[in-house]
Amino acid sequence: MPFWGLQKQLGIDVDTFLLRQSMPQPHGQAAVCHAFEREWVECGHGLGQTRARRECQLEYEDFMECMQRTKLTQRLRTILEQRDRMIKQGKYTPPEHHMGKEEPRP
């Protein structure tokens, strides 16, 4: 525990992104990534930082993926690039409602 609460005095909070899943949530529902965070904390509890990084790497990666969605965005980017390539080659024509050419609604 630091002698002075420097983060609190400066009005910044560096570790909020790791703790926001454990905070009380509105309407009493668990946060989206709460289960992944719980697995990561339970795995690393009592191991120490160095050993926990080595032994709980999978749990930590799952938790970070749930929080930041990096693998999901990379996959979506690859799918969109492939779609654009297929459109350019003439192998795929997107539906009209994807191109903004749908019929006007009454």
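FYI, it's all coordinate maths here, none of it is from the lab. All of these numbers come straight from a predicted model, not from anything done at the bench. Cβ sites come from the backbone with ideal geometry, for glycine too, and all protein chains shown count toward neighbours.
Some notes on this structure:
- Point-to-point label distance, Glu55-Arg77, nm (Cα→Cβ direction, 7 Å offset): 3.5 nm
- FRET efficiency for Glu42 and Met67, using Cβ-Cβ distance with R0 set to 22 Å, rounded to 0.05: 0.80
- Straight-line cross-link partners of Lys71 among the aspartates and glutamates, defined as a Cα under 12 Å from its Cα and at least 8 positions apart when in the same chain: Glu61, Asp62.
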